[in-house]
Amino acid sequence: MTTPRIRALALCVFHHQGRILVHRFDDPVTGQTLFRPVGGGIEFGETSAQAIVREVQEELDQTVDHLRLVGTLESLFTYNNTPGHEIVQVYDGQFRDQRLYQMACLTGHESDGMAFQVTWQDSSAFTDSAPLVPEGLYPLLKNAGLLD
């Protein structure tokens, strides 16, 4: 069994015209639908902003500009029946390729090669039964004027 640890994470919402870019997925144990922005773990020796640039390049093959730290969240959660604990740096940023904002979805690839899709969603997509995660992200974005 793996020793529990706190994971440092960086996420970017790519806010555009009242929508943010999110990955929709389901908890395999509970079946609950969840939405989460693009990003991933911060590697030793890199800043959270550098992690965003690297993750977006690796997963979506895209370049990021104008990163702005929106806030920090601490997330305690259970996913796939496993407890998790993350410190999350939340960013807003822009894609260098402006055409991406007109696309309904983008296809990305995890480090293991598994494909995934991200879509542009407004606040109406996020509900109690299908929340935006990590917990506290929705109010953070609403207070920053990035979601209605």
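The values are calculated or read from the model by the stated rules, or taken from the named source; none is laboratory data. Please read all numbers here as calculations on a predicted model, not as lab measurements. Here the Cβ is made from the backbone with ideal geometry for all residues, glycine too, and neighbour counts use every protein chain on show.
One table, with the values for the structure above:
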read-out	value
Filter result (out of contact with any strand residue (DSSP E or B) (no Cβ under 6 Å at 6 or more places or on another chain), in a loop (DSSP other than H, G, I, E, B) and within 14 Å of Pro37 (Cβ to Cβ)) within the range 99-134	Pro131
Tally of residues being of a type in the set (S, T, N, Q), surrounded by fewer than 16 Cβ atoms within 10 Å (Cβ to Cβ), farther than 23 Å from Thr2 by Cβ and under 16 Å from the mean Cα position of the chain (by Cα) across the range 81-127	2
Residues located in the range 104-129, provided they are at pLDDT 95 or above and closer than 20 Å to Glu86 by Cβ	Val118, Phe126
Condition check for Ser75: among the polar types (S, T, N, Q), modelled with pLDDT of 95 or more and assigned to a helix (DSSP H, G or I)	no
Any chance Ala104 is within 27 Å of Glu74 (Cβ to Cβ) and out of contact with any Cys (no Cβ under 6 Å at 6 or more places or on another chain)	no
The one condition in (1) over 26 Å from Ser129 (Cα atoms); (2) surrounded by fewer than 17 Cβ atoms within 10 Å (Cβ to Cβ); (3) without any contact (Cβ under 8 Å) to a residue 24 or more places away in the chain that Thr78 fails to fulfil	(1)
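Residue by residue, here is whether (1) over 20 Å from Ser123 (Cα atoms); (2) in contact with a helix residue (DSSP H, G or I) (Cβ under 9 Å, 6 or more places away or on another chain) holds:
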| site | (1), (2) |
| --- | --- |
| Leu34 | no, no |
| Thr47 | yes, no |
| Val56 | yes, no |
| His66 | yes, no |
| Tyr91 | no, yes |
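Okay, residues lined up against (1) outside any strand (DSSP E or B); (2) buried (at least 18 other Cβ atoms within 10 Å of the Cβ):
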{"site": "Leu21", "(1), (2)": "no, yes"}
{"site": "Thr30", "(1), (2)": "yes, no"}
{"site": "Phe44", "(1), (2)": "yes, no"}
{"site": "Ala51", "(1), (2)": "yes, yes"}
{"site": "Val70", "(1), (2)": "no, yes"}
